[in-house]
Amino acid sequence: MPRPSRSITLCAALAAAVLSTALLAPAHAQSASDAGVLKVALWGDEFYSKDPEEKANWIDQTVASMNAHDLDFTIFAGDTKSGSSECTDQAIGADVQAIFNRLDMPTLYALGDNEWVDCHRTNNGSYDPVERLSYLRKTFFTAAKSQGQNPIDVERQGTPGEAYSENSRFERDNVMFVALNVPGSNNNLVVTDKQCTKKSDRTQADCDAATAEYEARNPKNVEWLKESFATARENNDAGILIDIQADIFFPFELSDGGYEEDFLPTLDDKNGFTDFYKSLVEETHNFEGQVLLVHGDSHYFKVDKPMIQPDGRSTANFTRVEVFGSSDNSWVEMTVDPKSDAVFSFQPVVLKQ
């Protein structure tokens, strides 16, 4: 998806800085080996550099940093390459697997639009996005295991390697971790001529096929989300983490009246995130524990509470983390303590470039 304008980004960054300061927890002295407390890396939108040497250095630095921490696993929020590079098997498959396999800990991977939805662009090689999605499923999701050289068991929605197998989840220490295929670029829903042909040679038939893919996957995403919340409620989980790529709030930022006047009216049948968002709101309001949404897409780090209730208050048990973007190779260290009130707390790990 396109990035926000500089003015929007600067304003949002200032607001995010205030919110992040209030929500970020200080460095936690307790190690991940202590019972009931997890250390998890949150990252995504990584390794976009076109310069091979710079890209290799960034990968080395990020991998070394994560391996130097006592992490239980990582959560990757999609986009393993830029939106203007070719979607070859090597770029979206082998290269990514090699990075995940260099980490000492497993990774839960949510697919991003740069890996498949936007592959129709001419500068991406004019690939068929539906074919690229099928390739990703057969490359990353052929077993009930996470990514990495030391994978953990996960539950998959679809038959491994087939449709919807990318939707996954696992439970650890009274917290549910869920990954869903909810990518940017309107969730692969094509409703305008611009969405169909911008930077692309797609025909109307191609765009109709993309929309058909969305129409089949969208209810499966909602089903997986609801089932995951139901399981978390049944198990009396203290929290649930939802990992997606898309910034479903984009380009909305908190402002006086903006939620009701600007954001909610856009939740119509042309918005590929409407059903998912409304289901997330409903499930959050019916869950006693903490809900954390982790995503990328808009390329700047923030921690906030953007789910607003009808009376104007934020939803107390809902928090959003947007991971660092492509201009950084930094990541977020998350502490998960099911015995704490907040359950999830955060400390950015800022790497020098």
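The values are calculated or read from the model by the stated rules, or taken from the named source; none is laboratory data. Bear in mind the structure is a predicted one, so any value in this text is a computation, not a measurement. Cβ: placed from backbone, ideal geometry, glycine included. Neighbour counts: every protein chain shown.
See the values below:
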{"quantity": "Near pairs, Cβ below 8 angstrom, 6+ apart or cross-chain, from segment 341-353 (under 16 Å from Arg172 (Cα atoms)) to any residue that is modelled with pLDDT of 95 or more and among the charged types (D, E, K, R)", "calculated": "Val343/Asp337"}
{"quantity": "Matching residues, segment 55-83, being assigned to a helix (DSSP H, G or I) and over 21 Å from the mean Cα position of the chain (by Cα)", "calculated": "Lys55, Ala56, Asn57, Asp60, Gln61, Ala64, Asn67, Ala68"}
{"quantity": "Index of the failed condition, Thr197 passing every other in (1) touching a residue at least 12 places away in the same chain (Cβ under 8 Å); (2) surrounded by fewer than 22 Cβ atoms within 10 Å (Cβ to Cβ); (3) not basic (Lys, Arg)", "calculated": "(1)"}
{"quantity": "Close pairs (6 angstrom Cβ cut-off, 6 or more residues apart or separate chains): under 15 Å from Leu133 (Cα atoms) in segment 154-172, hydroxyl-bearing (Ser, Thr, Tyr) anywhere", "calculated": "Gly158/Tyr164; Gly158/Ser165; Pro160/Thr142; Gly161/Thr142"}
{"quantity": "Residue that is surrounded by the fewest Cβ atoms within 10 Å (Cβ to Cβ), among those in segment 137-162 that are among the small types (Gly, Ala, Ser) and either within 19 Å of the chain's Cα centre (by Cα) or under 21 Å from Gly296 (Cα atoms) (or both)", "calculated": "Gly148"}
{"quantity": "Qualifying positions in segment 153-164 - under 14 Å from Val178 (Cβ atoms), in contact with a Phe, Trp or Tyr (Cβ under 7 Å, 6 or more places away or on another chain) and in a loop (DSSP other than H, G, I, E, B)", "calculated": "Val154, Gln157"}
{"quantity": "Test for Asn181: is it surrounded by fewer than 20 Cβ atoms within 10 Å (Cβ to Cβ), assigned to a loop (DSSP other than H, G, I, E, B) and not hydroxyl-bearing (Ser, Thr, Tyr)", "calculated": "no"}
{"quantity": "Selected residue (only one of Pro265, Pro310 is part of a loop (DSSP other than H, G, I, E, B) and either surrounded by 13 or more Cβ atoms within 10 Å (Cβ to Cβ) or modelled with pLDDT under 95 (or both))", "calculated": "Pro310"}
{"quantity": "Identity of the residue in segment 205-264, of a type in the set (Ser, Thr, Tyr) and more than 26 Å from Lys305 (Cβ to Cβ), that ends up nearest to the chain's Cα centre (by Cα)", "calculated": "Tyr214"}
{"quantity": "All positions within segment 279-291 that are in a loop (DSSP other than H, G, I, E, B) and buried (at least 17 other Cβ atoms within 10 Å of the Cβ)", "calculated": "Phe287, Gly289"}
{"quantity": "Sole exception among (1) among the hydrophobic types (A, V, I, L, M, F, W, C); (2) in a helix (DSSP H, G or I); (3) modelled with pLDDT of 95 or more for Val294, by number", "calculated": "(2)"}
{"quantity": "Evaluation of Lys305 against (1) within 24 Å of Glu261 (Cβ to Cβ); (2) touching a Leu at 6+ places or on another chain (Cβ under 7 Å) (one fails), failing number", "calculated": "(2)"}
{"quantity": "Residue within segment 64-71 that is modelled with pLDDT under 95 and touching a strand residue (DSSP E or B) at 6+ places or on another chain (Cβ under 8 Å) present", "calculated": "yes"}
{"quantity": "Residue among Asp247, Asp237 that is touching a strand residue (DSSP E or B) at 6+ places or on another chain (Cβ under 6 Å), buried (at least 16 other Cβ atoms within 10 Å of the Cβ) and more than 23 Å from Phe301 (Cα to Cα)", "calculated": "Asp237"}
{"quantity": "Residues located in segment 84-117, provided they are crowded, with 24+ Cβ neighbours inside 10 Å and part of a loop (DSSP other than H, G, I, E, B)", "calculated": "Cys87, Ala110, Leu111, Gly112, Trp116"}
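Table: residues versus (1) in contact with a helix residue (DSSP H, G or I) (Cβ under 9 Å, 6 or more places away or on another chain); (2) closer than 18 Å to Asn187 by Cα.
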| site | (1), (2) |
| --- | --- |
| Asn67 | yes, no |
| Asp70 | no, no |
| Phe76 | yes, yes |
| Asp79 | yes, yes |
| Glu86 | yes, no |
| Gln97 | yes, no |
| Glu115 | yes, yes |
| His120 | yes, yes |
| Val130 | yes, yes |
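The rows are residues; the columns are (1) in contact with a Lys or Arg (Cβ under 7 Å, 6 or more places away or on another chain); (2) farther than 29 Å from Asn174 by Cα; (3) without any contact (Cβ under 8 Å) to a residue 40 or more places away in the chain.
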| site | (1), (2), (3) |
| --- | --- |
| Gln245 | no, no, no |
| Asp262 | no, yes, yes |
| Thr266 | no, yes, yes |
| Met307 | no, no, yes |
| Val323 | no, no, no |
